[in-house]
1. Hey, with R₀ at 35 Å, roughly what FRET efficiency would Ile9 and Glu121 work out to, going by the Cβ-Cβ distance, to 0.05?
2. Could you please report the charge total around His148, scoring K, R as +1 and D, E as -1 over all other residues with beta-carbon less than 11 angstrom from its beta-carbon?
3. Compute the long axis of helix 29-44 from its Cα atoms, compare it with the longest principal axis of the Cα atoms of the chain, and write down the angle in degrees, 0 to 90, nearest 10.
4. In nm, to one decimal, how far is the Ala2 label point from the Gln162 one, both placed 7 Å along Cα→Cβ?
5. How much length, in nm to one decimal, is gained on full extension between Glu94 and Ser135, taken as 0.36 nm per residue of separation minus their Cα-Cα distance?
6. Spin-label point model (7 Å from Cα, Cβ direction): what's the Val87 to Arg29 distance in nm?
7. Hey, what angle do you get for helix 136-149 against the long axis of the chain, alpha-carbon based, 0 to 90 degrees rounded to 10?
8. Does region 82-121 come out rounded, prolate or oblate, given a ≥ b ≥ c as the square roots of the eigenvalues of its C-alpha gyration tensor, rounded meaning a/c under 1.5 and, failing that, prolate meaning a/b above b/c?
Amino acid sequence: MAKLELAKIGNPVLRKKLEQVDPGILSDRKFRKLLKDMADTMRAAEGVGLAANQVGKDLAVAVIECKSNVRYPEEDTIPLEFYLNPVIIDYSEEKINGWEGCLSIPGYRGLVARSASVTFEAVDSSGESVRRTVSGFWARVLQHEVDHLNGLFYMDRMADLQNWVHLDEFNKAFETRVHDE
Ligand code: ZN
């Protein structure tokens, strides 16, 4: 299992709009290894999503997965999926507030209103073009990751930075024991 180094806020690659990838790259062994390493890195850090710039790569690629996650213990299950060039084409008007963290901003949580459901297009890891509508936590994670591919952090989406808190204070206030590396 290869664990890649995580880029942290302040690293310029996290503020880049990432390069679109040609789906033909899926037959490249080095690219397949990158996808696997991204999944390994996300799992090792107890993340629920990871964008390629978070491991220093200028590629519009993200991975997501949520299975009984210790950092998000209450949330829905999301299968392991890879998205190349994901684009959100429709956002529900209904928005839901939720607390988000980020592996590139360890130790913090912020309250972010996200669309309750979104429709997106992407190329999956088998090279198929997919268009899908997802809701709940899946929709939230997808919006967070697509933001990364456009150089945005969750704080850029926050209505009120007074709801940006250190994890120690978050745990005191909510009695939900979550931790970051
Ligand atoms: Zn993030």
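1. 0.80
2. Here the charged neighbours net out to 0.
3. 10 degrees
4. 4.7 nm
5. 13.7 nm
6. 3.4 nm
7. Result, in degrees: 60.
8. Oblate shape, in that a/c is at least 1.5 and b/c is the bigger or equal ratio.
Taken together, the values in this text are just the output of simple stated rules run on the coordinates, not laboratory data. Treat the numbers as computed from the prediction; the structure is a model and nothing was measured. Because the Cβ atoms are built from the backbone with ideal geometry, glycine has one as well, and the counts that use them run over all protein chains shown.
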